[in-house]
Amino acid sequence: FHKLQEDILSGKYAVDEELKEKNIGDDLGVSRTPVREALRQLELEGLVHIIPNKGAFVEGVTLQDVKDIYEIRTLLEGLCARWAANNITKEQLEELEETVFLSDFHFSKENWDQMVELDNRFHEIVYEACGSKELTRVLRDYHHYLQRIRKITLEQKTRARASMDEHRKIAEALKARDAAEAERCASIHIRNTISNMDKIGWENLMR
């Protein structure tokens, strides 16, 4: 399931491409049964569409899906930061500050892969700190679905620099236990990401 999910989200399989159980099973060294179960799970995730007597086809993440996810994230990331302000631990705050510091370092070296990893870790810490299993699960899924697009945007110097500054403001609000400011900064962070994508062109990001 995870291997196929990763391959679909990374663009290895094209939208509408057929996922043949035998070929996948041969590639992964497993029988058709676990492949079939994985495809059923992927259908529940909305990444695959199974047509009876025809096969399984890649649904993927469409342009509209991406736009919807970012709009939803403006609300949920803000809520997450609000809750995190009341629950975040001293250790989590220290790790947040460390990710911001390391992001500055890797930005200066143009180490984009590390920048993406640190961006992932920053958001993951806030998710962990919010204290809600359900909100964390939803935001993790969304973050994972957008990984390819997020990598493209973070390789842009201007956006990468701005994103780091926005992370710093979120971290400062969380350290001050200012729930309203943390929510505002987190929402602005996603809004600014959307504005950046408007400039790039959403269709270009989906190629």
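In the full protein context, region 1-137 carries 56 Å² of accessible surface per residue, based on a 1.4 Å probe and ignoring ligands, DNA and RNA. Remark: for residue pairs Lys109/Lys175; Lys90/Lys157; Lys3/Lys151; Lys151/Lys199; Lys12/Lys157, the C-alpha separation exceeds 22 Å in Lys109/Lys175; Lys90/Lys157; Lys12/Lys157. With springs only between Cα atoms under 10 Å, which of Glu117, Glu91, Glu71 fluctuates most in a Gaussian network model of the chain? In this elastic network of the chain, the residue with the biggest mean-square fluctuation among Glu117, Glu91, Glu71 is Glu91. What label, among (1) 34, 19, 16; (2) 29, 19, 14; (3) 29, 22, 15, belongs to semi-axes √(5λ) of the Cα gyration tensor in Å computed from the structure on display? The listed entry that was calculated here is (1).
Run the accessible area of region 58-98 with a 1.4 Å probe and give the carbon-and-sulfur part as a rounded percent. Each step should come with its number before you reach the end.
Details: 1040 of 2020 Å².
Carbon plus sulfur share of accessible area: 51 percent.
In this Cβ point-charge picture (+1 for Lys and Arg, -1 for Asp and Glu), region 66-207 has a dipole of about 360 debye about its Cα centre. For the listed peptides 183-189, 31-37, a ranking on the average number of other beta carbons within 10 Å per residue, highest first, reads 183-189, 31-37. Across the accessible surface of region 137-187, with the other protein chains kept in place and a 1.4 Å probe, carbon and sulfur atoms take up 51 percent. Please work out how much length the chain gains when fully extended from Glu124 to Asp141, using 0.36 nm per residue of separation minus the C-alpha to C-alpha distance, in nm with one decimal. Between Glu124 and Asp141, full extension yields 5.0 nm more. For helix 157-175, report the angle its Cα long axis makes with the longest principal axis of the Cα atoms of the chain; keep it between 0 and 90° and round to the nearest 10°. The angle comes out at about 60 degrees.
The values are calculated or read from the model by the stated rules, or taken from the named source; none is laboratory data. Since this is a predicted model, take the numbers as computed values, not measurements. Neighbour counts run over all protein chains shown; Cβ positions are idealised from the backbone, glycine included. Heavy atoms of the whole protein, side chains included, go into the accessibility calculation; ligands, DNA and RNA do not. Shrake-Rupley method; radii C 1.70, N 1.55, O 1.52, S 1.80 Å.
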